[in-house]
Every structure is written in C-alpha cells, then in structure tokens.
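Sharing a structure here in structure tokens format.
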Amino acid sequence: MNQSSQPCGAASRALFLRRREGQTIIFMVMVLVIMAVIVLFNFDVHKILYIKSNSRNAGDAAALAGARWQAVTFNLIGELNVAQAVAINDALLRGETNDFPEARTIADLQARLCFVGPMIGLTAAQQAAKNNGIYVNKRYTSEMQQHANVVLASYPHLFIPPYANAWEEYAEMIRTVAGQGVAALPGAQSPYVSYDHMVLQRGFYSAIANRDWCWFYHNARKLLETYGGWQSWPPLPPLAQRNLMGSEYFALNLTTFATLDALEDLPGNQSAAAVRQQLSRVAGKALVPLVASVPAKWYCYEPSAWRTWQDLIASNSDVNTRFPFTSDIKKEFNYAGADASVAIKADAPRTMFNSKNYAVTWSAAAKPLGYLEGPVTPNTYGLVLPAFHDVRLIPVDAAVSQVEEDLFDFGASWLEHIVGHLPIYMQAGPAGISNLAGGCGYCQQLIIWEQSSFRLIGITWLQNGGFTNCFTRGGGGGGGGGGGGGSRHEH
Ligand SMILES: [Zn+2]
C-alpha cells in the first residue's frame with residue numbers, strides 16, 4: 001500500500017507502532033509470568049522431592065538403628081542365659097543345691113537390659129533421623145513426654161515392677177529421650193494390646209473417629225458387617241497386674257520361664273534335653289541334666305509373638321492374608337517376634353499461591369535377623385540365645401510393631417480407658433459408659449460404634465465399591481482427611 005496516498009499516514013503509522021509495542025510488552029509480561037510460575041513450581045517440586053528423599057533416608061536410618069539395638073540386646077540377653085546356665089551348673093557341681101546368687105544377679109541384669117537396650121535404640125533412632133535433616137516434631141515430643149508421666153503415675157499400680165524402681169527408671173529414660181526432642185515416632189506396644197480383641201486396638205477407635213472405612217476394610221470388615229451388639233464381644237483378657245517385661249518402644253516381646261524343663265511344654269518346641277544340649281554347645285562345656293530343673297529366671301521368646309511371619313499377619317486381620325512378600329522366605333528367617341517401626345513427618349512450605357504446607361510422611365520398619373546352627377530360627381529352642389547378625393528393612397505392613405499416632409485427641413489416657421472404663425462397658429454396654437464419655441474420647445467412639453446407623457454408612461460405602469480407594473493397611477482414604485502426600489514403604 002502506498003503510504004503517501006493517505007492523508008494522515010505518518011500519524012497512523014506511529015499509532016500502529018505504539019500499539020504493536022504495547023502488544024509486545026503485554027506478550028513479554030505474559031512470558032515472564034509463565035516463566036516465573038514455572039520456576040517457582042520447579043522450586044516447589046524440587047523442595048518437596050528433596051524433603052521426601054530426606055524423610056525416606058531418615059525414616060529408614062532410624063528404623064535400622066532401632067533394630068540394631070534390638071539385635072544387640074537379644075544377643076546380650078542370650079549370652080547371659082548361657083552364663084546363667086554355666087553358673088548354675090558350676091554351683092551344682094560344687095554341691096550347692098538351693099541357692100544360686102550368681103544366677104539371680106544375672107537374671108536381674110537381663111531384666112534391666114529389656115528396658116535399657118531398646119531405649120538406647122530409641123536414642124540412636126532419634127539421632128539417625130536428625131542426622132538426615134529431620135527436625136524435632138513438637139507433637140511427637142509431647143506425646144512421649146506425656147507417656148513418661150503416665151508410666152510414673154499409673155504403672156506402679158498396674159504392673160508388678162520387674163525390679164526395684166523399674167517404673168521410675170523407665171519413666172526417667174523416656175523423659176530423657178523426649179527432652180532431647182523426638183524426630184522419629186517409634187512404634188510402641190501398649191501392654192494391653194491384644195491382637196485378638198478389637199476394643200484393645202487403638203486403631204479401632206481412630207477409625208471410628210475418622211470414619212476411616214478403609215481401616216475396617218483392611219482390619220475388621222467382617223466385624224463391621226456382622227457385629228451383633230456389645231454382648232457379642234468375646235470376654236476381655238485379664239487386665240490387672242499384667243506383666244510388662246521391657247520397653248514398650250521397640251519392644252522385644254520376651255517372657256520368662258522358671259525352668260528349662262517348662263520350655264518343653266510349648267507347642268512344637270524341642271525337648272528339654274535338646275535345649276540343654278544347645279546351651280552346652282554355645283557354652284562350650286557339657287551341662288549336667290539337673291540344670292534344666294533348677295528354678296531360675298530364663299529369658300525366652302514370648303510364644304504368642306514369636307510365631308511364623310504368615311501366621312501372625314494372618315491373625316492380625318480379618319481379610320485374607322495380604323502377605324507383602326512376593327517370594328518365599330527362607331525357613332530360618334520365617335519368624336515374626338520383634339521389629340522396629342518409625343514414622344517421620346516433615347513439612348515442605350509451598351512458595352506458590354501461599355498455600356498450605358505440603359506434609360511428607362514416611363513410615364519404615366526394620367528387623368533383627370539371624371539364625372542358629374542348622375540353620376534354624378533363633379526361637380527354635382524357646383530360650384533366647386545369641387543368634388542375630390543382621391538387620392534389614394522390612395515392609396511396614398509385615399511389621400509386628402505398628403506406629404500408632406493419636407490422630408484424634410481422646411482426652412483420657414489409653415490405660416485409664418482400658419483399666420477403668422472397658423470393664424464397665426463389657427458389663428453394661430454403652431449405657432454404662434455414657435457418663436464417662438464426656439471426659440473420654442475412647443468411650444465416645446464406643447458409643448458411636450454401637451449405633452447400627454453408623455455401621456451401616458460404612459457397610460454401604462464398602463458395598464458400593466468404596467474400597468477401591470483403599471491401598472495399604474492403615475492408609476488414608478475413606479474420609480481420612482490426612483495431610484495428603486503420605487507415602488509408605490513398598491518394596
Ligand atoms: Zn473410656
């Protein structure tokens with residue numbers, strides 16, 4: 001086109017150029033905004049990935065540290081069993097028949113080790129998590145501090161102390177760990193947890209409170225669908241004066257037997273003669289048969305916990321065994337017993353849109369492994385013997401110890417509920433505990449559970465296929481409303 005043919009060509013050209021300039025600026029600004037978003041997004045993604053990998057390393061390291069100290073403790077307790085056998089043997093050879101002071105001293109040491117060993121593991125686990133860049137978690141810390149208070153206040157009335165001042169010392173050890181700040185929440189075994197009774201499982205109460213139907217799908221679907229009211233519960237196991245033999249954190253699950261002869265009565269166990277032979281082999285000298293019938297305190301694996309791995313996992317759940325290993329386990333490694341679980345929680349603050357923090361959760365479990373000459377499992381003879389040479393990470397779902405976070409503030413303490421409220425509930429049902437429910441969240445959940453309309457919501461949700469959202473045991477879903485981004489171990 002010919003510019004000069006237009007009367008005001010120059011002016012229009014200038015306007016045209018300015019407009020184009022304006023468009024360019026708008027375009028540039030848009031590019032800049034998009035780039036900034038990409039950069040910030042990338043920054044967030046990197047930060048989240050970084051924190052995720054940190055949490056993973058920290059959780060794994062903490063679980064391994066816990067399991068390593070479990071292994072050390074088992075081996076020490078095993079060595080002391082052998083030392084005790086030798087002490088009794090030598091005393092018998094000297095003609096002493098009724099008093100074995102060395103044996104008593106050794107047993108006393110073992111009793112203390114059941115607490116001290118796992119508690120050192122707990123300290124080591126915290127250090128491992130912190131070394132991997134995880135900060136102290138205020139909530140975990142205050143939970144542990146509270147537990148120290150419960151031990152000091154209630155345990156002397158509830159449990160026979162395994163040695164003088166046991167509860168004071170134990171509470172002090174817990175308080176010391178909490179005082180340094182808790183970064184990795186350890187799996188703890190409540191002394192009243194019975195896998196066979198639902199009202200003794202804390203997860204049951206959390207699941208009701210959170211309407212976590214996935215939990216029911218994985219752990220108690222049959223119960224949810226067929227529950228026939230409080231009278232249909234099986235009776236509670238005896239609650240008062242139960243034994244607590246060791247640390248609840250990274251629990252060893254040991255027990256004591258009065259004589260080696262008594263070990264023979266365990267289902268599927270070796271004869272007393274075989275136990276004595278094995279002891280003689282480890283001690284490096286022949287022990288007289290009388291050793292097996294002398295009353296003493298022998299540290300043994302708690303038979304209900306030290307079963308085969310599949311057995312234990314199957315009994316923990318109503319649904320078909322979801323055994324998390326794809327290949328067969330070697331015979332000598334096929335035992336449950338004891339392991340160390342931890343949970344790590346880290347926050348990644350988001351840069352973009354000033355939104356909520358991105359919470360990263362990581363659970364890990366590790367297990368002391370080993371075998372006795374044969375090779376046979378460490379618990380073949382019932383008696384603890386030095387056998388552990390290794391620790392390995394295991395799938396969280398295959399762990400005996402489970403980290404149970406108080407997802408919900410239940411007000412009253414767990415022990416108070418079990419000892420004070422449950423027996424009333426078992427006798428009189430929800431009416432009996434209705435006046436307690438004001439101060440006890442656990443009782444509140446039981447009352448909700450008794451409502452068939454409540455259970456019907458879950459049954460309907462599961463029947464409509466809601467369970468397709470349920471991936472792993474205890475995982476979110478089902479209206480859990482968790483922080484999102486949680487991840488669990490899946491080897
Ligand atoms: Zn209660």
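With respect to A399, determine if the residue is at pLDDT below 90 and either touching a Ser or Thr at 6+ places or on another chain (Cβ under 6 Å) or assigned by TED's automatic domain parsing to the domain that holds L279 (or both).
It is true that A399 is at pLDDT below 90 and either touching a Ser or Thr at 6+ places or on another chain (Cβ under 6 Å) or assigned by TED's automatic domain parsing to the domain that holds L279 (or both).
Anything in the stretch 140-183 that is within 28 Å of A346 (Cα to Cα) and part of a loop (DSSP other than H, G, I, E, B)? List them, or say none.
Q180, G181, V182, A183
Within the stretch 198-247, track down each residue that is free of Cβ contacts under 8 Å to residues at least 24 places away in the same chain, assigned to a loop (DSSP other than H, G, I, E, B) and not polar (S, T, N, Q).
Those that are free of Cβ contacts under 8 Å to residues at least 24 places away in the same chain, assigned to a loop (DSSP other than H, G, I, E, B) and not polar (S, T, N, Q): G228, P238.
On to the next question. Evaluate the following for G458: is it more than 16 Å from the ligand (Cβ to nearest atom) and either touching a residue at least 40 places away in the same chain (Cβ under 8 Å) or small (G, A, S) (or both)?
Spelling it out, G458 is indeed more than 16 Å from the ligand (Cβ to nearest atom) and either touching a residue at least 40 places away in the same chain (Cβ under 8 Å) or small (G, A, S) (or both).
Looking at V136 and the list (1) surrounded by fewer than 21 Cβ atoms within 10 Å (Cβ to Cβ); (2) under 19 Å from the mean Cα position of the chain (by Cα); (3) assigned to a helix (DSSP H, G or I), which single condition is not satisfied?
For V136, the exception is condition (3).
What are the pairs, 6+ residues apart or on separate chains, where a residue within the stretch 376-387 that is farther than 13 Å from R307 by Cβ and in the same structural domain as G337 (by TED's automatic domain parsing) has its Cβ under 6 Å from a residue that is of a type in the set (D, E, K, R) and surrounded by fewer than 23 Cβ atoms within 10 Å (Cβ to Cβ)?
V376/E332; P386/E79
Go through the stretch 104-118 residue by residue and tally those that are surrounded by 23 or more Cβ atoms within 10 Å (Cβ to Cβ) and of a type in the set (A, V, I, L, M).
The qualifying residues number 1.
If we scan the stretch 481-488, do we find a residue that is modelled with pLDDT under 80, in a loop (DSSP other than H, G, I, E, B) and within 30 Å of N435 (Cα to Cα)?
Looking through the stretch 481-488, at least one residue is modelled with pLDDT under 80, in a loop (DSSP other than H, G, I, E, B) and within 30 Å of N435 (Cα to Cα).
Show the residue pairs that are 6+ apart or on different chains and have beta-carbon atoms under 7 Å apart, the first residue being within the stretch 297-310 and in a helix (DSSP H, G or I), the second being of a type in the set (G, A, S).
If the second residue must be of a type in the set (G, A, S), the pairs left are W309/A336; W309/A398.
Is there any pair linking a residue in the stretch 285-296 that is under 13 Å from L263 (Cβ atoms) to one that is assigned to a loop (DSSP other than H, G, I, E, B) and among the aromatic types (F, W, Y), with Cβ under 8 Å and at least six apart or on different chains, and which?
A296/F100
A follow-up question, please. Looking at the stretch 444-455 only, could you name the residues that are surrounded by 18 or more Cβ atoms within 10 Å (Cβ to Cβ) and away from the ligand (no atom under 16 Å from the Cβ)?
R455
Look through the stretch 151-187, keep the residues that are modelled with pLDDT under 90 and in contact with a Leu (Cβ under 6 Å, 6 or more places away or on another chain), and return whichever of them is farthest from A398 (Cα to Cα).
Filtering first and then ranking leaves S154.
Condition check ((1) at pLDDT 80 or above; (2) more than 24 Å from P156 (Cβ to Cβ); (3) hydrophobic (A, V, I, L, M, F, W, C); (4) within 16 Å of the ligand (Cβ to nearest atom)) across all residues:
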site	(1), (2), (3), (4)
L383	yes, yes, yes, no
F388	yes, yes, yes, no
P395	yes, yes, no, no
V403	no, yes, yes, no
F408	no, yes, yes, yes
G411	no, no, no, yes
E416	no, no, no, yes
A428	yes, yes, yes, yes
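So how many residues does the stretch 425-436 have that are surrounded by fewer than 19 Cβ atoms within 10 Å (Cβ to Cβ) and on the phi < 0 side of the Ramachandran plot?
Result for the stretch 425-436: 8.
Can you find even one residue in the stretch 194-203 that is β-branched (V, I, T) and closer than 21 Å to S247 by Cβ?
So far as the stretch 194-203 goes, no, none of its residues is β-branched (V, I, T) and closer than 21 Å to S247 by Cβ.
The values are calculated or read from the model by the stated rules, or taken from the named source; none is laboratory data. Computed from a predicted structure; not experimentally measured. For neighbour counting, all protein chains shown are included, and Cβ atoms are generated from backbone atoms with ideal geometry for every residue, glycine included.
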